[in-house]
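For reference, the structure is listed below as structure tokens.
Nothing in this text is a laboratory measurement; each read-out follows from the coordinates by a stated rule. Quick caveat: nothing in here was measured; it's all calculated off a predicted structure. FYI the Cβ positions are ideal-geometry reconstructions off the backbone, even for glycines, and counts take in every protein chain you see.
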Amino acid sequence: MPDQDQEQTLVYFFAKSNFGDDQVDFIKIGHTSKDLSIRQAALQTGNEADIREIGVIPFETVDEASREEERILSRFGAFRARGEWFYATPRIIQFI
């Protein structure tokens, strides 16, 4: 378990809708060792659609999180929309 004074490293999943409804159109898969709300705010800047957290996987180290993120990105590569944004397919949503 991480030390209370140490920030936890996470693989995260954010969702957004193109139409402002509850339907998830895209999912962002990434990792961070910073406060997740800071990462969310950075992604929200300049983005007209609300971005919300839909899942996290905690890790002890940055290396572990980075390896898992790469594994997940590779697993869902066929559904990539752009960069680390993926189409919100049932397969990805079920994984989360």
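Work through the residues other than Ala88 whose Cβ is under 13 Å from its Cβ and net out their charges, Lys, Arg +1 and Asp, Glu -1. Don't skip to the answer; put the middle values down first.
Working: positive: Lys16, Lys28, Arg52, Arg80, Arg91; negative: Asp21, Asp22, Asp25.
Value of the local net charge: +2.
Exactly which GluC sites (Glu not before Pro) in the chain are in a DSSP loop and have at most 11 other Cβ atoms within 10 Å?
Working: sites: Glu7, Glu48, Glu53, Glu60, Glu64, Glu68, Glu69, Glu70, Glu84; in loops: Glu7, Glu48, Glu60, Glu84.
Sparse-neighbourhood loop GluC sites (Glu not before Pro): Glu48.
Quick one: which residues, 5 or more positions from Thr9 or on another chain, have an amide H under 5 Å from its amide H? H modelled 1.01 Å from N in the peptide plane, none for Pro or chain starts.
Long-range HN contacts for Thr9: Phe59.
Determine the sum of side-chain charges near Asn18: Lys and Arg each +1, Asp and Glu each -1, restricted to other residues whose C-beta is under 10 angstrom from that of Asn18. Working shown, then result.
Numbers: positive: Lys16; negative: Asp21, Asp25, Glu48.
Spelling it out: positives minus negatives among the neighbours equals -2.
How large is the helix-only mean residue ellipticity at 222 nm for the chain, computed as the sum of -39500 (n - 2.57) over DSSP H runs with n ≥ 4, divided by its residue count, in deg cm²/dmol to the nearest 500? Mind dumping the intermediate values first?
On the way: 3 runs with 29 residues, N = 96.
Rounded to the nearest 500, the figure is -9000 deg cm²/dmol.
Per residue of the range 56-69, in order, report the coupling 6.51 cos²θ - 1.76 cosθ + 1.60 (Karplus, θ = phi - 60°) as ³J(HN,Hα) in whole Hz, putting x for Gly and Pro.
9, 10, x, 9, 6, 10, 5, 4, 4, 5, 5, 5, 5, 4
Pick out, in residue order, every one of the trypsin sites (Lys or Arg not before Pro) in the range 23-96 that is DSSP loop and has at most 15 other C-beta atoms within 10 Å; say none if there are none.
Working: sites: Lys28, Lys34, Arg39, Arg52, Arg67, Arg71, Arg75, Arg80, Arg82, Arg91; in loops: Lys34.
For trypsin sites (Lys or Arg not before Pro) across the range 23-96 that sit outside H, G, I, E and B with at most 15 neighbouring Cβ atoms in 10 Å, the list reads Lys34.
So what's the projected area for the chain, the Cα convex hull averaged over all directions, in nm²? Each step should come with its number before you reach the end.
Values: hull surface 25.4 nm².
So the Cα hull casts an average projection of 6.3 nm².
Which whole-Hz ³J(HN,Hα) couplings does the range 88-96 yield from phi under the Karplus relation 6.51 cos²θ - 1.76 cosθ + 1.60, θ = phi - 60°, glycine and proline marked x?
Per residue, the Karplus-derived 3J(HN,Hα) values read 7, 7, x, 5, 5, 4, 5, 4, 5 Hz.
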